[in-house]
Amino acid sequence: MPIRRGDDRTIALGGIVAAAVLLALAALAAARLALGGTVWLPLHLALAGAAGTAIASILPFFTSALARVAPAPPGLRVSAIGLIAGGTIVAGVGMTDGRSGLAAIGGAAYLGGLLALAWAAFAPLRATVGFRLRLVHLAYGVAIGQVGIGVLLATTMLAGWPPVAGAWAALKPAHAWLNVFGFVTLVVAASLVHLAPTVAGSRIRPRPSASIALAGLMTGAPIVAIGFAAGWDVVARAGALLEIIGAIALLVHGAAVQRDRGRWTSDLGWHRFAGLSLLAAPAWLVVAVAIGAGRVLWLGASPTAWSVDLLAVPLVAGWIGQVLVGAWTQLVPAIGPGDQARHAIQRRWLGRAATRRWSLWNGGVALATVGLPAGADLLTAAGAVALAVALLAALGLLAATLVSGRSPAP
């Protein structure tokens, strides 16, 4: 009996759209920083919200498709996406308004979404009889386990549980490492192991660089977190070194995939934007890890070793945001509505001004990455404007892709 994936594709597409909305909200929250406030809200909306929702949408889709088994029930898939997106918003409202109880409820909802995500991703694998990317699936499982611990720490702190609330100065960096590097970064890296060759038109095959990347990224973040929680400098530094090795190996993997890439003869802009985005993003991950892990190597397990202000731009805009936009550029025409003719129209929309948009995005990341820590307001503002224009263009083209039945003008 053939496997039916229509509902699964529709749910994945809906989740991608929800993630795009949360990314836009994160950008609006970042724009408000000039009027006051902290960087927490835009980071929360981008990482826990946009990235978490995208992961809840795509990870079960990938696991079942790679294992060639029937997907999880639609209700379970929708619950995972809804609880993660809704939990993010509730927690954000609670923290912004100073209502820790409401924020804790949001955290509890997010935990429920993670449980639903884990079940949706791995329960179907019990029927696996053939090909399976075991290391990728292992990385997905480790990532969900790490973020579960990270979110649980924050939720119990917000609920006022004394063992966690009293030690939050040391546990906060552990929470951040588990969520940012142990979950979002690891899931994205594992997905690139098979998505990057698909985008490049090369074969999905075992590569030593992929194994090294996933091994380093799976072990680095939890070891750093243990080091922070226990105050063990040597352990934290060992984990930071593993994280650096994993990030560099992922960049090497991307370069190896590009060497084997296909030669496209149609939809060149669409191929170019997706391919360049998924090639540049790991380079920004190396920058973000160099900052985050470098501070741990220098300062040890001190709470001051975690500085979100220094790595926010390369991490959120250069790495996560760029992967998200590049991935939806590749995936929407494959899982979106319509027939082959409609999908061709979607590829043309998403490939509009590919090189200019990619250059604007990465130029903005570069300017803001340099300008923000240097206190160069002009550079930071120029980078922010460039990123805003690139993001608005990406969101506009995504909307046009979903609602337009006509090709864009030449």
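Couple of notes before you dig in:
- Top-ranked residue in the range 296-345 [being of a type in the set (Ser, Thr, Tyr) and assigned to a helix (DSSP H, G or I); ranked as farthest from residue 13 (Cα to Cα)]: 304
- For the range 258-265, the count of residues that are over 24 Å from residue 392 (Cβ atoms), among the hydroxyl-bearing types (Ser, Thr, Tyr), surrounded by fewer than 23 Cβ atoms within 10 Å (Cβ to Cβ) and in contact with a helix residue (DSSP H, G or I) (Cβ under 8 Å, 6 or more places away or on another chain) is zero.
- Residue match in the range 86-100 (condition: open to solvent by less than 30 Å² (accessible area, probe 1.4 Å) and not small (Gly, Ala, Ser)): yes
- Whenever a residue of the range 328-341 is of a type in the set (Ser, Thr, Tyr), its partners that are buried (at least 21 other Cβ atoms within 10 Å of the Cβ), lying with C-beta atoms within less than 6 angstrom and at least six residues away or across chains, give the pairs 329/273; 329/274; 329/350.
- So residue 70, is it open to solvent by 40 Å² or more (accessible area, probe 1.4 Å), closer than 26 Å to residue 198 by Cβ and either among the hydrophobic types (A, V, I, L, M, F, W, C) or outside any helix (DSSP H, G or I) (or both): yes
- Within the range 266-285, being farther than 16 Å from residue 352 by Cα and either surrounded by fewer than 24 Cβ atoms within 10 Å (Cβ to Cβ) or of a type in the set (Val, Ile, Thr) (or both) holds for 279, 280, 283.
- One residue from 239, 216, 166 being of a type in the set (Gly, Ala, Ser), more than 16 Å from residue 278 (Cα to Cα), without any contact (Cβ under 8 Å) to a residue 40 or more places away in the chain and crowded, with 19+ Cβ neighbours inside 10 Å: 216
- So residue 196, is it assigned to a helix (DSSP H, G or I), open to solvent by 10 Å² or more (accessible area, probe 1.4 Å), of a type outside the set (Val, Ile, Thr) and over 14 Å from residue 290 (Cα atoms): yes
- Residue 221 vs. criteria in a helix (DSSP H, G or I) and under 20 Å from the mean Cα position of the chain (by Cα): yes
The values are calculated or read from the model by the stated rules, or taken from the named source; none is laboratory data. Note that this is a predicted model, so its numbers are computed, not measured. Please note: Cβ atoms are built from the backbone with ideal geometry, for glycine as well, and neighbour counts cover all protein chains shown. Note: accessible area is taken over every heavy atom of the protein model, side chains too, but ligands, DNA and RNA are not part of it. Shrake-Rupley method; radii C 1.70, N 1.55, O 1.52, S 1.80 Å.
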